[in-house]
Amino acid sequence: MTQRIINPFVFGQPVPPSHFIGREMVINNAYNRLAGQVHTSIAISGEHGIGKTSLLHHLIHVANDEEWGQNFGYNLFCFLDCQAIDPFTPTNFWYRVLEGIKQTNYSFSQHEEIDRLLAKPEIVATDIQRLLVWMYQQGVVVVLVLDSFASILNKASTDIPESAIVHFLSGLRALANHPEHALTMIIATREPLHFLLGDLVKKYPGSQFYNNFAFESLGPFTDDEIASWLQQSLADVDFRFEQAQQDFLHHIAGHHPALLQMAAYHLFEARRKGPLEPKTYGDIVESFKQSARHYFKLFWSEASPHEQVVLILILMRPFVDPVAHPIHSDEIDQHLDRLERDLNRLIERGLVCRTADSFRVFSSVFDRWIINEVRTENETEFVKRQVAISSETLHRAWKTLDTLLPKLTFDNTTHSLAWRVERPTSTPTDAASSPKPSRERDPSSVPVVMLEERFEIQQELGRGASSIVYKAWDTKMRRTVALKLLHSTLFASEADGYELLLKEARAASQLKHQSIVTIYDITSVKDQICLVMEYLEGRTLADLIRQKQRLSWRQAIALVEQAAVTLDYAHSQGVLHRDIKPANLVIATTGRLIVTDFGIAKLLNEPQASQSTGLRGTVMYMSPEQVNQQKLDGRSDLFSLATVAFEMLSGSLPWPGTSQFEIMKYIAAEPPRSLSEFKTPDADKLDPVFQKALTKDPDQRYQQGLEFVQALKSAVTS
């Protein structure tokens, strides 16, 4: 009889504590907030399926197992799924809490008081306060663990008046703020608590419910967490997932915990039957798609119109043709820059992955799902719902998408979207003479096999208007690298363009600085230039601003100083960056700030480079010289850095325009806004610094990055 093997991957339910992996920083932070004499309530947020419920159960298990806070008393954890309170009333809520406390059986002496409260027709916060204070005096602190807390807020319009919800939240807050610290809360929601309560706070001003919470945001798994999860899950079976199979999991599920569990479950079911055939992968994808459909619907329906546009633009980006389609890839890139905040929200939630040179939707199967979803909409519905882009551009985007949809299919070999038929060409010809897509328009046509003589290509990280990037293993130097293949359109318009671009890339590779991504080598693959670069992990400054809204002046100046030192160094070597923005400033896992995208920077001493060659850079962070397409020098980069610094301190740009053209007009002709508009601390001291740093005349600005930094420091310490 064949021995049955239990599938080790958890599918459709919270991960039990015995199988829980990762989130060590969140767990350590929870320990600091629950194990001491003074407790702090915690608000955890994260996308559907990111692991919030599993984390709550794990925290309870670890805290009980390690006896958190035993030196100061006993933490009694009471878990409550707020979705199960139906209908919601404050009394029903407190009934559930009292029953949960009673079921812990910590002390029978409290049962009589609990039973007395349960017999009351109505329970209010003051009733609970007396019980909690009495328990605290007995050495017990109740930790109320509330999963799906947003369901309480959503019931305000159906079950009880909104004012009653506000009164209920005020009662909860009063219990948590009681001098004897009788109640601590751990709350889990999809959106951050202060976002959920924003409208209520505006309508009912006063002390906000979330004021005394510590906030934790759960993002997608890291590579290390995925490796640990696979190792632990497969520890008791006699086979492992090969590297190609692990890459397959990444491709269809990204780094999303719940979807990885689903994908691994189906892969395991197929793998234990024997070696996998190409057709088997297609069957796994279909099974996974059915399992993940519920999540995909939630991801899409709960995305804002702006976020839906971002997802569609990213999906379209690799397939648009500058000749055959109404919208061009450079226009898509410009709109992604314009929608950077929405893009960063999607990255934070794990729905979009940042690659070395571009972006991609986290799951190739979600790509396919979006395509099928959009097919059901007509143009009027699409334009009505997606209001993030101007109607004229959106109309062309729709026309492009309408052209692409019938031609895209899901390739079960590459497990991704692909052309169903050959890409259309600029002139109609018969099939026999129809030209193949040229390398000038498609970097992916570069024969990767030529690179594989030295590099083991592990995965495509992304592609953009200027390049395609791979993650690879350098077999010669035995290290992980990023390979950037520069698009030949970068030099196609100039007679000596190839040689100039190669010269600029070599100059960038000579930049040796701890805060510049290292270019290890430069090579050629036919007529393509390939940069062999340091593979970098971390998060961008754009991510940090999105998370914190604004930074303290200490943190902002510390980051600006690192960037300024780096730019001063690059300028001293004759290299200009031209695209300084939060997305190009990466905070590595070590905490070091790194300036990225120097790979195709311009040389300051080249005549061709010193003159205008078209509008380059990201509009919101351009200097007046860039907007006016004038000669550039290092002071242009410093203007962009000052714009970034202003955003760090205020949470907004120094220019009030809403369209690219309005912003360009303000950059070229208007002074920056005052930090006092955003209630930035020390705004009156900092404003003169930014007035000088962002003046139109480069000769009137700070001439060196460190000069700007010193002015900032002097302003806040005077």
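Since every read-out is calculated from the coordinates, none of them should be taken as a lab result. Here the structure is a predicted model, which is why all the values come from computation and not from measurement. Every residue, glycine among them, receives a Cβ derived from its backbone with ideal geometry; neighbour counts consider all protein chains shown.
Please list, in chain and number order, the residues 5+ apart from VAL575 or on another chain whose amide H is under 5 Å from its amide H, with Hs placed from the backbone. HN-HN under 5 Å from VAL575: LEU604. Positive contributions from Lys and Arg (+1) and negative ones from Asp and Glu (-1), summed over other residues with Cβ under 12 Å from the Cβ of MET620, come out at -2.
A simple rule links phi to the HN-Hα coupling: the Karplus curve 6.51 cos²θ - 1.76 cosθ + 1.60 with θ = phi - 60°, which for the range 232-245 gives 5, 5, 9, 4, 9, 10, 9, 9, 10, 6, 5, 4, 4, 6 Hz, with x for Gly and Pro. If you take the Cα centroid of the range 19-90 and the Cα centroid of the range 222-297, the two points sit 29 Å apart. Here the peptides 62-68, 363-369, 236-242 are ranked by packing, the mean other Cβ count within 10 Å, and the order with the highest first is 363-369, 62-68, 236-242. Near ILE516, the amide H atoms lying under 5 Å from its own belong to VAL595; only residues 5 or more places off or on other chains count, and H is placed 1.01 Å from N. For the residue pairs LYS548/LYS581; LYS631/LYS696; LYS692/LYS713; LYS202/LYS685; LYS685/LYS713; LYS52/LYS102, the C-alpha atoms sit more than 19 angstrom apart in LYS202/LYS685; LYS52/LYS102.
Were the residues from ALA119 through VAL716 laid out at 0.36 nm apart, the gain over their Cα-Cα distance would be 209.0 nm. Relative protection proxy for 35-42, 540-547, from highest mean packing down: 540-547, 35-42 (other beta-carbon atoms within 10 angstrom). Peptides 623-629, 248-254, 25-31 ranked from most to least packed by the mean count of surrounding Cβ atoms within 10 Å: 248-254, 623-629, 25-31.
For the range 704-710, backbone phi angles converted through the Karplus equation (6.51, -1.76, 1.60; θ = phi - 60°) give residue-by-residue couplings of 10, x, 5, 5, 5, 4, 4 Hz, Gly and Pro being listed as x. Each other residue within a Cβ distance under 15 Å of GLU677 adds +1 if Lys or Arg and -1 if Asp or Glu, for a net charge of -2. Under 5 Å from the amide H of ALA214 lie the amide H atoms of SER41, ILE42, ALA43, each residue being 5 or more positions distant or on a separate chain, with H modelled from the backbone and absent for Pro and chain starts. Derived scalar couplings between HN and Hα for the range 639-644 equal 4, 4, 5, 5, 4, 5 Hz in order, rounded to whole Hz, by the Karplus curve 6.51 cos²θ - 1.76 cosθ + 1.60 (θ = phi - 60°), x for Gly and Pro.
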